[in-house]
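Reviewing the structure listed below.
Values quoted throughout were computed directly from the atomic coordinates according to the rules given, and no laboratory measurement underlies them. Note that this is a predicted model, so its numbers are computed, not measured. Cβ coordinates were reconstructed from backbone atoms using ideal geometry, including for glycine residues, and neighbour counts include every protein chain displayed.
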Amino acid sequence: MGDQLARAIQALQATLGRNYSAPLPVYHGGPNDDPVEWFDEIERLSTANGYDADYKVRVIGAYLKGTAATWYDTDQGNIQN
């Protein structure tokens, strides 16, 4: 019970530590989209918002659209952090 309560408190603290004021950009994977530039912006905004790596892994799929979303959905099992 004590470990479960400690984990719940840690999860709550992590959630409360996040700031959602700087929205993450969407990536479509089009011919004019630069994935490196998009990723760098994700990293900058994630730091500013207090997002940790686990949180980014859980939400990143929601910021992919079009061909990028298709790739992600198809190959998600092979994608590493």
*asked:* Tell me the Rg and the Dmax, in Å, that the Cα atoms of the chain produce.
replied: 15.2, 52
_I'd like the orientation of helix 66-75 relative to the chain: the angle between its Cα long axis and the longest Cα principal axis, in ° from 0 to 90, rounded to 10._
60
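Could you grab the relative contact order for segment 2-78? Cα pairs under 8 Å, six or more apart, rounded to a whole percent. It would help to have the intermediate numbers written out before the result.
On the way: 50 pairs, mean separation 27.3, N = 77.
After rounding, I find 35 percent.
Highest mean first, what order results for 47-56, 63-72, 31-40 on Cβ atoms within 10 Å?
On the way: 47-56: 13.5, 63-72: 15.5, 31-40: 10.6.
Per-residue Cβ counts within 10 Å, averaged per peptide and sorted highest first, yield 63-72, 47-56, 31-40.
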